[in-house]
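Heads up, the thing below is written out as structure tokens.
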């Protein structure tokens, strides 16, 4: 099942993919999802980020067997840095900014303790863990490097049926593939990540775990169209635009 | 005005202090707060954390003039680590854990850009920025050190009338004062902090900025009653209890 969130007459509404469009539903997180009468054809649908998380947590150094020798490490991204498919990223003037394509785990309900964490997984979506590389060097806590406005594109929807342990992940710039990898090459399995994170971090419905980029990061520039994708889920597009004057002042 | 959030018949309800109790209101964040009929006497009121934030951001190294020589630096705490007055902290077995008493800024509405950030401040509350010191050394991103369950006690209410730049801040253990300071001794003023954070971090209603501990951190242990306070706001109590077996497994 594909769970999306649409903007319908100015209001976010949950929906599930049905035919060549979306069936609105009452609550996509309910144990039994109740379909509503209204159906919207795909070309008319405005997709938002599929969740409005309270917690977005990402895995640090989680690529390749070498990283297994290090203890697992996580960082937080601001919940309000999450944006949906097609949302323009106004590139702040902070030096090198890179896209990272990642499989994102979506939590469906309160996680009381880590032993039940895997049961709480609702599905998977695609994330672009945008990172300001120069700020990451200057700020050892990574907060400014990972946390700017629009730095967590998420979507286009949640896929509930996916093998997360062997999913192809890629980045394309202006339609040309430039980076690829598979979650099989992550240092830790997605299941290990979910259990470890839940062992210390309070998680609840709509929260998102970014599992780490198995492919290489891709420098991005204003004017480019960045597409990150996970096979079996879909493609998340982000147009990159220059910061306007307000943002430049904001970044000062 | 003091804005609280009460648990009334199992549901969180906004309220404002009135006489020796709380007047329930429709929306404490509205430009004009509409009072409801119901009033609850203080001894009967169950106080929750005064907000349910999406973003909790704290200031690193923000004590004393020496820290002014360093660039400002921030960290994120998980929104779900926020708990209310009197909520028991189950101390995870992660070595030294310390309480830090801090003035917390509460944001009242969407902050479009940093030039309007100060106008978006709704008021101030008290925070205990609980920190696992040994984990902070082991995890340079501080995520596990700052982000465990229950590590952000907040409350008891939001005070809208306060001079944030010269507020006395203190910690008491089992009723005995053990640490004190004033926000006048922070490396950066509260106004500077709010504007700087808003320059790069997306903020909205209910979000919280922890301004840094002007006094020294206080080691805490199971069995203690920890009270952090800000003069002009109030006192936030947290009983500390030993981790139960489930939590021990969780922290493994």
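Here, each number is a calculation from the coordinates, and none is a lab measurement. Here the structure is a predicted model, which is why all the values come from computation and not from measurement. For neighbour counting, all protein chains shown are included, and Cβ atoms are generated from backbone atoms with ideal geometry for every residue, glycine included.
Counting every pair of alpha carbons in segment B:103-252, the share spaced more than 19 Å apart comes to 57 percent. Of all chain B residues, the closest to the B-onto-A rotation axis by Cβ, with that distance in whole Å, is B:76, 2.
Using just the helices of the protein assembly as shown, give the 222 nm mean residue ellipticity in deg cm²/dmol: DSSP H runs with n ≥ 4 each add -39,500 (n - 2.57), and the total is spread over all residues, rounded to 500.
On the way: 8 runs with 56 residues, N = 504.
It comes out at -3000 deg cm²/dmol, rounded to the nearest 500.
P(r) tail for the protein assembly as shown: Cα pairs beyond 31 Å make up 44% of the total. Largest first, the extents of the alpha carbon coordinates of segment B:167-214 on the three principal axes equal 39, 22, 13 Å. Each copy carries a label point for residue A:241 at 7 Å from Cα along the beta-carbon vector; from one copy to the others these points are 5.2 nm apart, nearest first. Volume per residue of the convex hull around the Cα atoms, evaluated for segment B:1-48, comes out as 70 Å³. When residue B:34 is represented by a point 7 angstrom out along its Cα-to-C-beta vector, the spacings to that point in the other copies are 2.6 nm, nearest first. For chain A, the alpha carbon convex hull comes to 125 Å³ per residue, rounded to a whole number. Between this copy and the others, label points of residue A:52 are 1.1 nm apart in ascending order, each placed 7 angstrom from Cα in the Cβ direction. Above 13 Å, the calculated P(r) of segment B:126-177 contains 70 percent of its Cα-Cα pairs.
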